[in-house]
1. Assess whether ASP311 counts as being under 17 Å from the mean Cα position of the chain (by Cα), crowded, with 23+ Cβ neighbours inside 10 Å and acidic (Asp, Glu).
2. Within the range 59-78, how many residues turn out to be among the hydrophobic types (A, V, I, L, M, F, W, C), farther than 30 Å from MET13 by Cα and touching a residue at least 24 places away in the same chain (Cβ under 8 Å)?
3. Please go through the range 261-275 and give me each residue that is under 15 Å from PRO216 (Cβ atoms) and surrounded by 24 or more Cβ atoms within 10 Å (Cβ to Cβ), ordered by number.
4. Does the range 72-83 contain any residue that is more than 26 Å from the chain's Cα centre (by Cα), of a type in the set (D, E, K, R) and not assigned by TED's automatic domain parsing to the domain that holds GLY97?
5. Can you name every residue in the range 297-330 that is more than 30 Å from GLY77 (Cα to Cα) and either assigned to a loop (DSSP other than H, G, I, E, B) or without any contact (Cβ under 8 Å) to a residue 40 or more places away in the chain (or both)?
6. Could you list, in sequence order, the residues of the range 367-394 that are in a loop (DSSP other than H, G, I, E, B), more than 14 Å from VAL161 (Cβ to Cβ) and out of contact with any His (no Cβ under 7 Å at 6 or more places or on another chain)?
7. Could you tell me whether the range 183-193 includes any residue that is within 16 Å of ligand 1 (Cβ to nearest atom), closer than 29 Å to MET124 by Cβ and assigned by TED's automatic domain parsing to the domain that holds MET124?
8. Select from the range 16-69 the residues that are outside any strand (DSSP E or B), hydrophobic (A, V, I, L, M, F, W, C) and within 16 Å of ligand 2 (Cβ to nearest atom) and list them in ascending order.
Amino acid sequence: MTILLTGLTATTMVGGYGLIRDAALVLEGRRIAWIGPLSDLPTGFAAAERHDLGGRLVTPGLIDCHSHIVFAGHRAGEFEMRLQGASYEEVARAGGGILSTVTATRAADQAALTAAALRRLDRMRRTGTTTVEVKSGYGLTLADEMKLLRAARTLADLSPVTIRTTHLAAHAIPPEFKGRADDYIDQVAIPSLHAAHAEGLVDAVDAFCEGIAFSPAQVERLFHAAKGLDLPVKLHAEQLSDLDGAALAARFGALSADHLEYLSPAGVAAMAAAGTVAVILPGAFYTLRETQAPPIAALRAAGVPMAVATDCNPGSSPMTSLPLAMNMACTLFRMTPLEALCGVTVHAARALGLSDRGQLAPGLRADLAVWEADHPAELSYAIGADTLHQTIIGGRLDA
Ligand code: DI6
Ligand code: FE
């Protein structure tokens, strides 16, 4: 099936925005076959089924490279506690926080978790997202982590959005392992990684390296297990304090280090040398009323690719919209609108190890977002404006 799209401004993301006014796009099956000015369209494609997009703006489908959408319940009560002055760490130490979501998630069955995650995924798609990374991390037993990863994989049968799954059993220390984080790594995190990998449920391995979670030495043991299975790693690093997590991730050739508010100059240099993507998560910064911004200027100067993601989760970032994350990245962190769009397309693809998407070019997946906009900077400039017209996923106009 060949489809010819006309009446559009293409934002190819090749060499910057790579704008092409009066563009044509030819889709063959799931791939882009040709893109360029309509006036240059090869005559062989002129007979294809033609759709006029009314002069709208087309970008690559957006890629959310960091989310935790498989969970039960919500944490609006904790939100109110924090508004009255309690910190995220205080709530966590009092047994709330991540662990309250763990209790609710353990009690939910796989079908209920899938249904709840699907509602979040549909909201993501309505703001232009066509690929989503989904982490486990609210089960924290072998069986419950498997349940979350199976629920995440099932989403791919129910939605055209591409799902990439990340094992995040090392997200928090459950009550039954209180004070025994090393035992948790040995008895749950590593065994659940082996079991989930054997079932084909794992695309990457992540951990939360933080005072309230796992130490660098514990993360390192998990990463050795990941490398033994030939799985790429990523890390929640330097979100609340500097434990040199990003440098640890870089030593393991990590795809990404994420959050990074407390990243040091040495961490920036280590990421640059390893080619590790910095995943910027302004939703968590905003929700936690954090005051220390990630070192954007230093990352930029060092040439570290920066991605932007929602971190969609019930505690620190109950947000599904990537355009809103882009707006926050610009306004809160002074990223440029071009950097923000690179962050949800070409650099987000790299943070997931995906080389078949994130730009508009022949041979790449035909994942597109069509916007009621004239210029791509409008996507960052608008605040929660929902300017999406439609998505086209894997060449399907009805997706
Ligand atoms: N950092 C975060 O911001 C989320 N996880 C993490 O490691 C928060 C998850 C939660 O509060 O439920
Ligand atoms: Fe996260």
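The values are calculated or read from the model by the stated rules, or taken from the named source; none is laboratory data. Model, not experiment: these values are computed from the prediction. Glycine gets a Cβ as well: all are built from the backbone with ideal geometry, and neighbour counts include every protein chain shown.
1. Values: under 17 Å from the mean Cα position of the chain (by Cα): yes; crowded, with 23+ Cβ neighbours inside 10 Å: yes; acidic (Asp, Glu): yes.
It is true that ASP311 is under 17 Å from the mean Cα position of the chain (by Cα), crowded, with 23+ Cβ neighbours inside 10 Å and acidic (Asp, Glu).
2. Initial filter on the range 59-78 (among the hydrophobic types (A, V, I, L, M, F, W, C)): 62-63, 65, 69-72, 76.
Applying the additional criterion that residues be farther than 30 Å from MET13 by Cα yields 70-72, 76.
Cutting the leftovers down to touching a residue at least 24 places away in the same chain (Cβ under 8 Å) gives us 70-72.
Residues meeting the conditions: 3.
3. Filtering the range 261-275 for residues under 15 Å from PRO216 (Cβ atoms) gives 262-264, 266-267, 270.
Those that are under 15 Å from PRO216 (Cβ atoms) and surrounded by 24 or more Cβ atoms within 10 Å (Cβ to Cβ): LEU263, GLY267.
4. Taking every residue of the range 72-83 in turn, none turns out to be more than 26 Å from the chain's Cα centre (by Cα), of a type in the set (D, E, K, R) and not assigned by TED's automatic domain parsing to the domain that holds GLY97.
5. Of the residues in the range 297-330, the ones more than 30 Å from GLY77 (Cα to Cα) are 297-307.
ALA297, ALA298, LEU299, ARG300, ALA301, ALA302, GLY303, VAL304, PRO305 - these are the residues of the range 297-330 that are more than 30 Å from GLY77 (Cα to Cα) and either assigned to a loop (DSSP other than H, G, I, E, B) or without any contact (Cβ under 8 Å) to a residue 40 or more places away in the chain (or both).
6. The initial filter retains those residues of the range 367-394 that are in a loop (DSSP other than H, G, I, E, B), namely 367, 372-376, 382-387, 394.
So of that shortlist, the ones also more than 14 Å from VAL161 (Cβ to Cβ) come out as 372-376, 382-387.
Within the range 367-394, ALA373, ASP374, HIS375, PRO376, ALA382, ILE383, GLY384, ALA385, ASP386, THR387 qualify.
7. For the range 183-193, residues within 16 Å of ligand 1 (Cβ to nearest atom), closer than 29 Å to MET124 by Cβ and assigned by TED's automatic domain parsing to the domain that holds MET124: present.
8. Applying the first criterion (outside any strand (DSSP E or B)) to the range 16-69 yields 16-18, 29-30, 38-48, 61, 65-66, 68-69.
Now narrow it down to the ones that are hydrophobic (A, V, I, L, M, F, W, C): 38, 41, 45-48, 65, 69.
Listed by number, the residues that qualify are CYS65, ILE69.
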